[in-house]
Structure formats: structure tokens, C-alpha cells
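The values are calculated or read from the model by the stated rules, or taken from the named source; none is laboratory data. Everything numeric in this text was worked out from a predicted model, so none of it was measured. Methodologically, a virtual Cβ is constructed for each residue, glycine included, from the backbone with ideal geometry; neighbour enumeration extends over all protein chains shown.
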Amino acid sequence: MNLKEAVKKSKAYLCLECGKCTGICPISKFNRGYSPRILVNKTLRKNDTTLLKDKNIWNCLTCRLCDEQCPADIDYIELTQAIRIEAQRIGEEAFCSHGGAAQSLMRIMTSESLQQKRLDWIDKNLKVAGTGEVLYFVGCLPYFDALFTETGVETLRAARATVKILNHIGVTPVILHQERCCGHDLLWSGDLENFKKLAEQNINEIKKCGAKKIIFSCPEGYRTFKLDYPKYFDCDFEVQYITDVISEAISNKNVKFKDFNKTVTFQDPCRLGRHLGVYDTPREAITTIPKIQFIEMPRTRNRAICCGVSAWMNCSTFSKSIQLMRLKEAKKTGANLLILSCPKCEIHFNCAMKDEKAGKDAKIETIQLVTLVADAIEE
Amino acid sequence: MNNNFQPKIIAFCCNWCSYPAADAAGISRLQYPANIRIVRVMCGGRVTTGLVLKAFELGADGVLIATCHFEDCHYLFGAKRASEVHKITEKLVQILGIEPERLRLDWISAAEAPKFAKVVKEFVEAVKKVGPSPIRKKVTDDKYQIPEEIK
């Protein structure tokens, strides 16, 4: 897709130049040099050669907050994706955080001869299968767990919790030995070629194991399988997010919860909320737990603020400011536990809390939604 | 296994200890295999997980990180940092399914030229035993093509 097609598809030509996108953009709030409106404007200009070399195109969090506000209904994030793919094609590259470790991991995974050893996290009390109807797509959790040990986040707890929940409602999920990264981050940083390689390998692996339904605990993987894979490949899997599974189990009275005496608040991840419209089932899962006190943050549901970094690129002081702003907002509600459902949100918030500038008003305990639910299940 | 296999190994050497050791090994005409490509870094603590993984991504068969001994580190904490980062990288490499023999951390002071030659010899032997990297030549991205002259 070239830029002209992207403009047509995202309806960027309808831009009214009202600037609502820049007004609401969390990056623009702190980084005065970045403005979605100007970037749309630049894309529409004829013979503009500076767009693809502009460093600002990598700043967008693709959190879709601007699209929610846009009176002309422009799909800005799709446009951003197309611009990034074009920029990557002419040799421009984003600034990768963590020394490019995450990107390297994903690109290494495109190699077909790689034999990963990624299942060490499965405990003896978890039941998993090699073939079957239902698949649990773990994603990059084993890698994140190793790469971000220094932030004190154990992302694999979420994977164990998910299997525990599935086991409890009588499902023995398939877990793939040679599952690859879903390719979300490569796609959003413009590396379409390697994204396709990863996607192809994943689809082949899934077809081999015979699964019809895929369950996710990571919102990014869910989004990529639901919206992006069908765009490039033909795949007819049913995909489901773990909170949908939990809410089904609750309505079928398959699960019972213990009391949980804490005041909590919930951060909507952008991929799950604004990208896919899943707002209610996570809340249902939280509020069904007895004695839990659930408080919403002022900016919630489709107005939730993103965790500040996307696709492991362009982490900067602006990202830190966004994270601290959000953490303070969470703390101000009076909650003492922040529930997250995306592993990246957890890593980013915990990293921000380790910052010297983070005061006491930004320190709040975090937990993954699935971990909370799994711990609260009555055996 | 092909006996003619010549591994390509990236060695990150710190400016204050291991690089002078390599230098001294050359000056005193100590023999060691020519499979290593030395990258001089100011400190072993500079070698991040990203750098090591990038080397593997581009097709390196092995990565050697050589730093000062803990107590001689020019920047006091650099060598320690290198070993912390190495621990994380080791785990990632293991999950990826890359053989653990392909990554090595060693401490070589500026006076230990014979040790440098010995470490390189041992490492090259170990990598030769495990064979070519599973990632080698699989990366087809034009940008990361290895230049013809060093192929």
C-alpha cells in the first residue's frame, strides 16, 4: 500500500484541521514538537519529501485516542502504520528502546530453523496439551519475563494464571512449542516483511495442531490475530480474549470467587479498549469478586490514557511523564491496587515507578487482571 | 559436521583491559584463531542485551564478551554491570534455543595476553563443535546483508 492509497483508505483527505487530535494526544501534551494534525497535513501536501524523514512519525503511540475524537472520522493510526511501512522501505528506522533487544528477538524468531525452548514456565499442576480444539497463545511473555527482570515484573505469572483459569473451567489448552511472536511490534514499527514471516509461521503451526479457537491473555496478540492476520492471510480461527472466557464462565456459574478485600482501579489497554471495544468483560470479571471495591479513574474506557510507549520504540522523557501522570491519576482515586491487562502496561508503569522523580503519589501496587482472577478462584 | 566450518565470532572487548590484552597478544605473536571480529567498546557495561542479540540476528555464530576483572574495572561498576546483563542475555538466548556455548563472558586483564589467546582458542573450538548458528543466512532483510568483502 502506498501513501496515496493509505490517504484514501484512512479518509485523511477529510481533515478539517480542527486540531482536536493534537489537543487530546498524550504525546503532544508533553512534546510540543509533535502534532498529529501537522502530520496529516504533511501527508496531504503534494510533493512533500520531508514526511518520511520526519522523526515525529515514530512518536505516535497508536493508542487511537485521536480517532475517537476526530469529527471527520479519520483513521489516523492506519495512516501512521502506512507511513511507517513506507519510511522503513526507504531505509528510515525508529529509535528502538532497550538497545533494540526486543526488535532483535522478533527478527531472530523469523528464522525457520530456530528450535525454541519456551515452555519451561509450565508447572506440574498446570494441565496443557499438544493437540486439541482450544489453543492458548502465550506470545512474548517468556521473553519479557527474562528481559525485564530488573523492573521486578514477572510477566509469566499471567501465563500461569491464564492456564489455571482455563483448567478450572475444564479446558486443557494447547500450547505450542514453536510459537513465534505475533508480529504486532514489527508491524507497528513498519517492518511489514518480517511481520508476514512471523504470521505465516504462526498460522502454519496453529493449523498443524488442529486448534479451532485461540485464547489470548495479551491484548496486542488478540488485536493482531483478530484484525491484522485476516488482512494479509486467510485464516478462519475463532479468537477470544481471556476476560470473555471468564465472563462466560461467570454466567454459566462455573467459577466461584473468594473474598478480596482491596480497593482497586483498572487501566484500559489501548489495544483492547479502543481498538477492539472490549470494555465490559474485564470490569465484569473484577466486580464479580466479592468484597472488592472497584473505583474508576476519571479518564476511563475510551478516554483512558495509554501507558506511554508502543512497540518498544521512542521511549523518552515524554513517555515517563505520561506514565507518571497516569499513575498519579490511579493513586488519586484512593485505590491501592492498579489492575492491568496488558503485560507491556505492567512493565512500563513499574519502570516509571522506579524513576527517581516518581514521588510517593505515583507509587501504586500493580497486578495483572488474570493473576487477580486466578488467585481469587475458590477451588 | 563439516570440518571446514569456520565460525564468525563477534568479540566485544573493553577498552581498558581486554582490548590491550588482545593488542599485547598480537605484539608478543601469540597464535589464536582468526575467527573473531573484535568490537572495541569503552566498557564491558556498555554491551547491552540488544547488542548481543543484534550480533546473533545478523548471523554471528558466537559472541564473546571480554571485560576487566571486577576489582580492576576502570569505571568501578562496569564489569559487574556486564555480568548482570550477561545473565539476562543468557536466559533469553536459552529460550530462543540458541546453544549456550555460543555466548561467553570472560574477564581478561590488560596483562593477560596469553589468557586472551587461550580463551579465544577454547571459544572457537566450542563454537566449531556446535556448528553453524540456526539463524545464519536466514535474515534476508536487504538492510542487514553482510558486506561481500567479509563474507
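Only one of the numbered conditions (1) surrounded by 19 or more Cβ atoms within 10 Å (Cβ to Cβ); (2) of a type outside the set (Gly, Ala, Ser); (3) assigned to a helix (DSSP H, G or I) is not met by A:THR287, and that is (1).
Here A:THR43 fulfils each of the conditions (1) of a type in the set (Ser, Thr, Tyr); (2) free of Cβ contacts under 8 Å to residues at least 12 places away in the same chain; (3) farther than 22 Å from A:PRO269 by Cα apart from (2).
For segment A:192-228, taking the residues that are within 14 Å of another protein chain (Cβ to nearest Cβ) and touching an Asp or Glu at 6+ places or on another chain (Cβ under 9 Å), the one that is nearest to A:SER341 (Cα to Cα) is identified as A:PHE195.
Residues that are touching a residue at least 60 places away in the same chain (Cβ under 8 Å), part of a loop (DSSP other than H, G, I, E, B) and away from every other protein chain (no Cβ under 14 Å) within segment B:32-73 comprise B:TYR32, B:PRO33, B:ASN35, listed in sequence order.
Restricting B:GLU84, B:GLU57, B:GLU71, B:GLU90 to residues that are closer than 21 Å to A:SER113 by Cα and surrounded by fewer than 21 Cβ atoms within 10 Å (Cβ to Cβ) narrows the list to B:GLU90. Step by step: first the residues of segment A:154-185, then only those that are under 21 Å from A:THR366 (Cα atoms), touching a Phe, Trp or Tyr at 6+ places or on another chain (Cβ under 8 Å) and of a type in the set (Val, Ile, Thr), then the one that is nearest to the other protein chains (Cβ to nearest Cβ). Which residue is that? Selected residue: A:THR155.
Being on the phi < 0 side of the Ramachandran plot, among the acidic types (Asp, Glu) and outside any loop (DSSP other than H, G, I, E, B) is the requirement here; does A:GLU356 meet it? So A:GLU356 does not fit the description; no. Scanning segment A:149-172 for residues that are of a type outside the set (A, V, I, L, M, F, W, C) and surrounded by 24 or more Cβ atoms within 10 Å (Cβ to Cβ) yields A:THR155, A:THR162. Tell me, please, whether a residue that is of a type in the set (D, E, K, R), assigned by TED's automatic domain parsing to the domain that holds A:LYS212 and over 23 Å from A:LYS256 (Cα atoms) can be found in segment A:155-174. Within segment A:155-174, not a single residue is of a type in the set (D, E, K, R), assigned by TED's automatic domain parsing to the domain that holds A:LYS212 and over 23 Å from A:LYS256 (Cα atoms). The requirement of being within 14 Å of another protein chain (Cβ to nearest Cβ), assigned to a strand (DSSP E or B) and free of Cβ contacts under 8 Å to residues at least 60 places away in the same chain is satisfied by B:ILE10. Count of segment B:44-81 residues, restricted to those that are more than 19 Å from B:GLU112 (Cα to Cα) and among the aliphatic types (A, V, I, L, M), is 9.
For segment A:71-112, filtered to residues that are part of a loop (DSSP other than H, G, I, E, B) and crowded, with 21+ Cβ neighbours inside 10 Å, the residue that is nearest to the other protein chains (Cβ to nearest Cβ) is A:SER111.
Here B:ARG29 fulfils each of the conditions (1) touching a residue at least 12 places away in the same chain (Cβ under 8 Å); (2) closer than 17 Å to B:ALA113 by Cα apart from (1).
In segment A:33-70, how many are in contact with an Asp or Glu (Cβ under 7 Å, 6 or more places away or on another chain), part of a loop (DSSP other than H, G, I, E, B) and surrounded by 15 or more Cβ atoms within 10 Å (Cβ to Cβ)? Selection size over segment A:33-70: 1.
The residue list A:ALA146, A:ALA129 contains one member that is among the small types (Gly, Ala, Ser) and crowded, with 19+ Cβ neighbours inside 10 Å, which is A:ALA146.
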